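Have a look at the structure below before the remarks.
The values are calculated or read from the model by the stated rules, or taken from the named source; none is laboratory data. A quick note: this is a predicted structure, and the numbers were derived from the prediction, not measured. Please note: Cβ atoms are built from the backbone with ideal geometry, for glycine as well, and neighbour counts cover all protein chains shown.
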Amino acid sequence: MRALCWHGVNNLRVGTVADPEIVNPHDAILRVRLSTTCGSDLHFIDGYLPTMRAGDVIGHEFMGEVVEIGPEVKRIKKGDRVVVPSFIVCGSCEYCRDELYSLCDNTNPHAELQEPLLGYPTAGIYGYTHAFGGYAGAHAEYVRVPFADNDCFVVPEGVSDEQALFISDAVPTGYMGAEFCEIKPGDVVAVWGCGGVGLMAQKSAFLLGAERVIAIDRFPERLRMAREHVGAETLDYTQVDVLEALKEMTGGRGPDACIDAVGMEAHGKTFDAAYDRVKQSLRLSTDRAHALRQAIMACRKGGKLSILGVYGLMDKFPMGVILNKGLTVRAAQQHGQRYVPRLLELAARGELDPSFLVTHRFSLEAAPEGYALFKNKEDGCVRVTFAP
Amino acid sequence: MDTTLNREIERPSAERGAPPSAVDAAAVARTACILLGGVVAIEGVRRRSPVGMLTALAGAELIRQGIRGQGSFLRAMGVSREERLPEVIELTRTLTIGRSPDELYALWRNPETLPRLLDGMGTVAVRDETESDWRLKGPLGLHLAWRTRLIEDRPGELIAWMSQPGAWIPHAASVRFHAAPRDRGTEVALRLRIVPPGLLLGSPFEGRLRIVPGLLLQKLLRQFKSLAETGEVPTHRRAPACRGAGRDE
């Protein structure tokens, strides 16, 4: 089959690889109908995450049709049109029972690569680094899905492929981030980042009852999406002082909750952002965390800080600000399986339509150009979809 | 097992209170050690094969021991400057598994389980109720093989086994099942005690005797947990990839 493979830093190519097979009894094989770029892919494409191997098939946000099932798959059938969250989960360990799915104990074959860094390993992901399991990704014609009964969710009729696609990752990640904010009526939520996850966090904050949502970015077309599709107020951080603007917009209180949907390659115009940039370039640090630091500073006293951006081992984390302001910090990789049924229902009822994130539709063969566009945010690009 | 593993290894008596002539004997032995090492190393290099490589490494080790004046070879000749005893290396890894002690005991005793857990690292052939033949992959295409015998079997609680005479690395191991709090299942402790081969003492390989078995124990335990909780061991084997034959083997 054809698949998009990582061959080194900033080196993606489409090549011919073997078809995936049923290996374990709970596996299914999907024919991929749509897959999409994700900002977290950029971290290994740019070479900031170790344990990639040349030739790895990438891609973790996808939906498709079940074409083959293993002998122990009971609930999912051939022909089902399904969406699959990006973390692979077993459904039976203590973490899965507690719905902390991305912490699943039983799906990372390379736990030993993570334990020295994290203490305890996380679940595996499709098409990511080998520390996250080394599973083949979904920018391909077919993909193997382990534990299909727990990880495949049938897409209701009336929900399109494009709508279902983002319920794989961008929507549940954003929704989880908004849930972390424990939103009460009258709350103001500020969201750093207007990429797929940020926009979905903003939308989810409204769904969960926020009074106002303030979106922060620098790209006019992304800020326009936040205004027009989500109903958020927007701040362009290259034009205004974000901290002052947020104070002003919240009667001097600061936002009740702040969501970081940016991560380790934040862009900024201040001294700390330039300092981060130099350190990251010299490989002295994995993270440029300007957006997160600003969110910590902006948050009201006793407020909620929800972190969705992906980070490495950060230094210069302003713990004193968090402590003295009594912030509650919540962070996680997406516990997608917990939210997908709810989100598919919202989509079926017409209350949630994430398909506006698609700005570019490419064939799988053109995926390297799609990633270039996505990475450089050219031509108003927010998300590129690939159809094999 | 304690008596065998913890027994005092008889130490050479040459060092303490040795007469002055012993110093000369030591000097002669060290020179001989260096010369012999040189011959062995050159011979090994000339062979240009994996066995030759090992021979050369052994030669280099002899030279090193000769220069440092201590090591297994000099100890064997009774002229080592050191007084080190081989310490028993003890490693324990613990994991909580969401099944009852009885279920886990039964799963461990199932003759199909250990071969599945070792898959890719080596093989275990269960001969009968008490004896198994192990074979682990090592570096340079070499294998470590040994036979173990069950020495303690308490259903739902403990299984212990020990390597039989002839094992290159004599060891004893046990798996212990202890009910975890609440509904969390069982705390499973896998324990390994190794008597390092004298040849490796003081050599760069001695440290590896702690690291490699530790990783192996942890991997065995993790895979045992996955098998117990889900009925399968996670893998990306045969995953499509743009290298080799188009997939991982």
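Can we say B:Arg116 is outside any loop (DSSP other than H, G, I, E, B) and under 23 Å from B:Thr235 (Cβ atoms)? So B:Arg116 passes the test.
Only one of A:Ala190, A:Ala210, A:Ala232 is touching an Asp or Glu at 6+ places or on another chain (Cβ under 8 Å), more than 22 Å from A:Phe87 (Cβ to Cβ) and buried (at least 16 other Cβ atoms within 10 Å of the Cβ); which? Criteria check complete, one pass: A:Ala210.
Checking A:Leu344, A:Leu308, A:Leu352, A:Leu373 one by one, the residue that is buried (at least 18 other Cβ atoms within 10 Å of the Cβ), of a type in the set (A, V, I, L, M) and touching a Leu at 6+ places or on another chain (Cβ under 7 Å) is A:Leu352 and no other.
For region B:159-178, indicate whether the set of residues that are of a type outside the set (Val, Ile, Thr), closer than 27 Å to B:Leu54 by Cβ and within 14 Å of chain A (Cβ to nearest Cβ) is non-empty. Looking through region B:159-178, none of the residues is of a type outside the set (Val, Ile, Thr), closer than 27 Å to B:Leu54 by Cβ and within 14 Å of chain A (Cβ to nearest Cβ). In region A:253-276 there is at least one residue that is more than 19 Å from the chain's Cα centre (by Cα), buried (at least 17 other Cβ atoms within 10 Å of the Cβ), modelled with pLDDT under 95 and assigned to a helix (DSSP H, G or I). Scanning region A:1-59 for residues that are facing chain B (nearest Cβ under 7 Å), crowded, with 24+ Cβ neighbours inside 10 Å and part of a strand (DSSP E or B) yields a count of 4. Looking across region A:89-137, the residues that are part of a loop (DSSP other than H, G, I, E, B), at the interface with chain B (Cβ under 8 Å from one of its Cβ atoms), within 25 Å of A:Val17 (Cβ to Cβ) and not hydrophobic (A, V, I, L, M, F, W, C) come down to A:Thr107, A:Asn108, A:Pro109, A:Gly133, A:Gly134.
For region B:94-131, give me the residue count where each residue is more than 14 Å from every other protein chain (Cβ to nearest Cβ) and within 15 Å of B:Glu229 (Cβ to Cβ).
Qualifying residue count for the region: 7.
With respect to A:His139, is the statement that it is touching a residue at least 24 places away in the same chain (Cβ under 8 Å), farther than 27 Å from B:Leu216 by Cβ and not charged (D, E, K, R) true? Yes, satisfied. Are any of the residues in region A:314-324 part of a loop (DSSP other than H, G, I, E, B), modelled with pLDDT of 95 or more and either touching a strand residue (DSSP E or B) at 6+ places or on another chain (Cβ under 9 Å) or within 30 Å of A:Cys152 (Cβ to Cβ) (or both)? No, the conditions are met nowhere in region A:314-324.
Conditions tested, residue by residue: (1) within 22 Å of A:Ala131 (Cβ to Cβ); (2) touching a residue at least 24 places away in the same chain (Cβ under 8 Å); (3) touching a Phe, Trp or Tyr at 6+ places or on another chain (Cβ under 8 Å).
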position: A:Val9; (1), (2), (3): yes, yes, no
position: A:Ala18; (1), (2), (3): no, no, no
position: A:Arg31; (1), (2), (3): no, yes, yes
position: A:Ile45; (1), (2), (3): yes, yes, yes
position: A:Pro50; (1), (2), (3): yes, yes, no
position: A:Val67; (1), (2), (3): no, yes, yes
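Number of residues in region B:72-108 that are assigned to a helix (DSSP H, G or I) and modelled with pLDDT of 95 or more equals 8.
This table checks each residue for (1) on the phi > 0 side of the Ramachandran plot; (2) within 14 Å of chain A (Cβ to nearest Cβ).
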residue	(1), (2)
B:Glu157	no, no
B:Val188	no, yes
B:Arg210	no, no
B:Arg222	no, yes
B:Arg238	yes, yes
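For A:Asp149, the stated conditions hold: it is touching an Asp or Glu at 6+ places or on another chain (Cβ under 9 Å) and either basic (Lys, Arg) or within 14 Å of chain B (Cβ to nearest Cβ) (or both).
When the test is whether a residue is at pLDDT 80 or above and farther than 26 Å from B:Ala173 by Cα, B:Gly59 passes it. Screening region A:160-185 for residues that are of a type in the set (Val, Ile, Thr) and buried (at least 24 other Cβ atoms within 10 Å of the Cβ) and picking the one that is nearest to the other protein chains (Cβ to nearest Cβ) gives A:Thr173. For region B:10-56, residues that are surrounded by fewer than 12 Cβ atoms within 10 Å (Cβ to Cβ), closer than 30 Å to B:Val88 by Cβ and either modelled with pLDDT of 80 or more or not basic (Lys, Arg) (or both) total 3. When A:Val188 is tested against the conditions (1) more than 14 Å from chain B (Cβ to nearest Cβ); (2) β-branched (Val, Ile, Thr); (3) out of contact with any Ser or Thr (no Cβ under 7 Å at 6 or more places or on another chain), the lone failure is (3).
With the structure loaded, tell me whether B:Pro196 is farther than 30 Å from A:Glu72 by Cα, more than 11 Å from chain A (Cβ to nearest Cβ) and outside any helix (DSSP H, G or I) or whether it fails that test.
Yes: the conditions hold for B:Pro196.
Within region A:60-75, the residues that satisfy the criterion of being within 14 Å of another protein chain (Cβ to nearest Cβ) and in contact with a Gly (Cβ under 9 Å, 6 or more places away or on another chain) are A:His60, A:Glu72.
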